[in-house]
Amino acid sequence: MQYDLNDDLAFLNRKNVNLDITHRCPLECERCQRFTSFTSRGLKVPGKDISIENFQKVLDHFYHINFCGQVSDPVHHPKFTKLLSMVNEQKRSSSVHHASAAKPIKWYPKAFDANPKARWWFGIDGLPKDSHKYRTNQDGEKLFQILKTARKHLIQKPIWQYIIFSYNENDIDEAHKMAIDIDVDFMILNSSRWISKDDPFRPSNPNYSLSLS
């Protein structure tokens, strides 16, 4: 393969960034890197909360901030509402990936109003009553109520993100109808995070499962 300097330049000059802004999350999702690499082994999750000063440096360079949930949940940064306000005030765009539901419900309207232009993704894998089967410690029914609240505060429709597992592969149509009823977007995702072909979380329908890497 021929090396192309333009590919490197495009990467270095990109104007969006994916950030884990904290090390905190109360969930123990069984195929998450946080669980498989750290907490299931009794290890401390590395990292710390990004400072306001360092986050400002990010905003000075990037135009879109994706608050991801690779090994954490962004809402558990102690000053997350402040970070959302900074994004809004400095006319940057952002997306928020959220699944934990551990915050009190009264906290959310303040966060939504801090940046009503942010696009929120809610990880509820299955019907809300069942999502804890993968996302251990999640209160899916509470998170669904928060998703409904988000629709009332945010300019962009929030997204219900639904990863397909064995326990929820037959509930997709029902969940999709629930999303339509509350006027939010619905996105299904196929996964490849299987420990083996016999992984109990792996869907039986091959169309819902990416190949093992």
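The values are calculated or read from the model by the stated rules, or taken from the named source; none is laboratory data. None of these values were measured; they are calculated from a predicted model. Counting neighbours? That spans all protein chains shown, and the Cβs are built from the backbone with ideal geometry, glycine included. In case anyone asks, the SASA skips ligands and DNA or RNA and just uses the protein heavy atoms, side chains included. Shrake-Rupley method; radii C 1.70, N 1.55, O 1.52, S 1.80 Å.
Rounded to a whole number, what % of the accessible area of the chain do carbon and sulfur atoms account for, probe 1.4 Å? Kindly include the intermediate steps, with their values, before the conclusion.
Working: 5850 of 11610 Å².
Within the chain, the accessible surface is 50 percent carbon and sulfur.
Potential lengthening of the chain between Asp181 and Ser204 amounts to 5.5 nm, from the contour at 0.36 nm per residue minus the alpha-carbon distance. Roughly how many Å² of Cys68 are accessible to a 1.4 Å probe, to the nearest 10? Its accessible surface works out to 10 Å², give or take rounding.
With a 1.4 Å probe rolled over the protein heavy atoms of all chains, the accessible area of Arg151, Arg135 falls in the order Arg151, Arg135, largest first.
Extending 7 Å from Cα along the Cβ direction at Ile105 and again at Glu89 yields two label points whose distance is 3.1 nm. Volume per residue for the range 140-213 equals 100 cubic angstrom (convex hull of Cα atoms).
Would you list, by chain and number, the aspartates and glutamates whose Cα falls below 20 Å from the Cα of Lys197, excluding same-chain residues fewer than 8 positions away? Answer for Lys197, where 20 Å is the Cα cut-off: Glu30, Glu169, listed by chain and number.
Note on the chain: GNM, Cα springs under 10 Å; of Ala101, Ala118, Ala179, the largest mean-square fluctuation is that of Ala179. Checking Cβ-Cβ separations below 4.7 Å across the chain identifies Cys25, Cys68 as cysteines lacking any candidate disulfide partner. When +1 charges are put on Lys and Arg Cβ atoms and -1 charges on Asp and Glu Cβ atoms, the dipole computed for the chain relative to its Cα centre reaches about 740 debye.
Amide H contacts for Trp120 (H built 1.01 Å from N in the peptide plane; partners 5 or more residues away or on another chain; cut-off under 5 Å): Val96, Ile159.
Straight-distance candidates among the lysines for linking to Lys142, with alpha-carbon spacing under 26 Å and chain neighbours fewer than 8 residues away dropped: Lys79, Lys82, Lys103, Lys106, Lys110, Lys117, Lys129, Lys133, Lys152, Lys157, Lys177.
Summarising the label geometry, the points placed 7 Å from Cα in the beta-carbon direction at Asp173 and Ser196 lie 3.4 nm from one another. Largest accessible area first, the residues Ile163, Ile180 order themselves as Ile180, Ile163 under a 1.4 Å probe with ligands, DNA and RNA left out.
Using the heavy atoms of the protein chains and a 1.4 angstrom probe, tell me the accessible area per residue for the chain in square angstrom.
Working: 11610 Å² over 213 residues.
Counting only protein heavy atoms, the per-residue value for the chain is 54 Å².
Within the assembled protein chains, the solvent-accessible surface assigned to Thr149 is about 40 Å², based on a 1.4 Å probe. Long-range amide H contacts for Ser191: which residues qualify at under 5 Å (H placed 1.01 Å from N, peptide plane, sequence gap of 5 or more or a different chain)? Those qualifying (amide H under 5 Å, at least 5 residues apart or on another chain) are Ile164, Leu210. Taking all protein chains as shown and a probe of 1.4 angstrom, Asp60 keeps an accessible surface of around 110 Å². Remark: accessible surface ordering of Asp171, Asp125, Asp20 (largest first) is Asp20, Asp171, Asp125, probe radius 1.4 Å.
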